[in-house]
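The values are calculated or read from the model by the stated rules, or taken from the named source; none is laboratory data. Note that the structure is a prediction, hence the values are computed from the model and not measured. All Cβ positions, even for glycine, are placed from backbone atoms using ideal geometry, and neighbour counts span all protein chains on display.
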Amino acid sequence: MRGKMKSLDVFDRNLVKAPDDYAPFIGARRLERLKRVADSVGGKYWTNVNSTMQGGGVAEMLRSVIPLARGMGIRADWYVIRGNDGFFRVTKKFHNMLQGVEQPISMEEIFGAYLDTINENAKNTLIASDMTVVHDPQPAALIMNEVIFGNILWRCHIDTSSPHQIIWRFLQPYINMCSGAIFTMPEFVGPGLHIPLYQITPCIDPLASKNQQYNVQEALNILSTLFNEHNMDPNRPIISAISRYDIHKNQATILKAFQLLRGKHKQHPPPYLIFLGNTSIDDPEGEEMLCQLKTEADDDPDIRFWVNVADNDRVVGALMRLSRGFIHVSTREGFGLVVSEALWQGTPVIGSCVGGITRQVLDGKTGYLVHPLDVEAIAGGITKILENPAEAEALGNNGREHIRKHFLLPELVSKYFQLLQFYTGKSRELPNFRLNALSYSEILQHLRIPNPYLPKLSRLS
């Protein structure tokens, strides 16, 4: 049964991806395994709900995940809630406070800007599917409005291990109403959840335009207009930092490390530092952060800001391909898809030893891990990459292979299909990415209605 959506926006139902197109990247054997799982849930209905179709890693993944699922015989849809500036401002506070940031927040914001918007979205909304994945805190309260029917899983893309208690206690009842919750890493699970928990790491789509693997000349051609517009010499080495502008992305420390590097080492020719990032409708703090960063750069001629560029995806891929090194030193990070994208282009990464970055940057093998606030270590990593091109190339090659094995889109889709198998009764085997033992909600449900699947869960005890 398809939902009649008047409040929520719906992703184009005509977009489909052919699974065989992924064979060159993952190999015939892995593709056949994926097809077998898909065949077992063919015709099942899987929906996703989040807060934006543009900007951010969640939207980027869903733009590829949904068409690929459709191409494998799954009825897949993606709905997006609508909100005004007040809604996105308060949910940005949720985002920050769930990751431990102290910020003032009022009951008027929570019960007005947030819940009133959720209630407005719930009007004339109905989703009835075999499995609905609700992404992050923005749409979480929809769960209580009795407009989503079927198995509901909350997908958390951030670190909630030490959340601000006010926001966590507000959201926790909604989350505990779900059939399960999905986290990027076991360490990110917030306290007091009584439902089945799973781990799924994000992945990149090798068929996306930003992940096309360009040669140097192709990359130069794509970036030629921007080089001219910003009066830049394309023959000078480039260090890049690509992300939205956010307090946790820690761009100010990157800037300090780059300035320290130039004070200690006189490279010839000197490198550029390019910050590339777009603004997003659900991230109202981005413009403020960008202004602060430009003020700290103080018109430094070697530091450039490319914001909301045309042909964004191809520009991102080309810039990563040309960059001698990529820096992503977040103080908090759910995963950091941009790290996978850089490694996929064969570019070594200087990454912080935080969250999902540590699963991608293997110190000394695919890049260098540093403390996010260690300006000296970041500057040292840049120096190694610039002064040791053979080592940098080896790091990049290792990084590309690491991503190919672990973080390409079919791996992500396979895990969602396994959840669909389990929650529709097509499989009695627990997914091997289950994190917790028997949950309180499962035991309570079994006491009400005996569940033949419950003995299979006992192996986690």
Just give me the residues in segment 98-108 being assigned to a helix (DSSP H, G or I) and either surrounded by 22 or more Cβ atoms within 10 Å (Cβ to Cβ) or among the acidic types (Asp, Glu) (or both), in sequence order. 98, 108
Options 124, 119, 151: the member that is in a helix (DSSP H, G or I) and of a type outside the set (A, V, I, L, M): 119
Please count how many residues of segment 218-265 are assigned to a helix (DSSP H, G or I) and under 28 Å from the mean Cα position of the chain (by Cα). 17
I need the full set of residues from segment 425-446 which are free of Cβ contacts under 8 Å to residues at least 24 places away in the same chain and under 19 Å from residue 412 (Cα atoms), in order please. 432
Hits in segment 300-332 (condition: free of Cβ contacts under 8 Å to residues at least 60 places away in the same chain and under 17 Å from residue 347 (Cβ atoms)): none
Give all pairs with beta carbons closer than 8 Å in which a residue from segment 165-179 that is in contact (Cβ under 8 Å) with a residue 12 or more places away in the chain meets a residue that is of a type in the set (Lys, Arg) and surrounded by 14 or more Cβ atoms within 10 Å (Cβ to Cβ); count only pairs at least 6 apart in sequence or on separate chains. 167/93
Search result, residues across segment 127-140 that are among the hydrophobic types (A, V, I, L, M, F, W, C) and either surrounded by fewer than 17 Cβ atoms within 10 Å (Cβ to Cβ) or assigned to a strand (DSSP E or B) (or both): 127, 128, 131, 133, 134
Please verify whether segment 399-407 includes one or more residues that are in contact with a Gly (Cβ under 7 Å, 6 or more places away or on another chain) and part of a helix (DSSP H, G or I). yes
Right, residue 297: aliphatic (A, V, I, L, M), out of contact with any strand residue (DSSP E or B) (no Cβ under 9 Å at 6 or more places or on another chain) and without any contact (Cβ under 8 Å) to a residue 60 or more places away in the chain or not? no
Among the numbered criteria (1) surrounded by fewer than 18 Cβ atoms within 10 Å (Cβ to Cβ); (2) in contact with a Ser or Thr (Cβ under 7 Å, 6 or more places away or on another chain), which single criterion is violated by residue 409? (1)
Could you tell me whether any residue of segment 245-262 is more than 21 Å from residue 328 (Cα to Cα), in contact (Cβ under 8 Å) with a residue 60 or more places away in the chain and in the same structural domain as residue 310 (by TED's automatic domain parsing)? no
If you check 39, 21, which single one turns out to be of a type in the set (Asp, Glu), surrounded by fewer than 19 Cβ atoms within 10 Å (Cβ to Cβ), more than 30 Å from residue 89 (Cα to Cα) and touching a residue at least 40 places away in the same chain (Cβ under 8 Å)? 21
How many residues does segment 377-398 contain that are surrounded by 17 or more Cβ atoms within 10 Å (Cβ to Cβ) and in a loop (DSSP other than H, G, I, E, B)? 0
Checking residue 430 against (1) surrounded by fewer than 19 Cβ atoms within 10 Å (Cβ to Cβ); (2) at pLDDT 95 or above, which single condition isn't satisfied? (2)
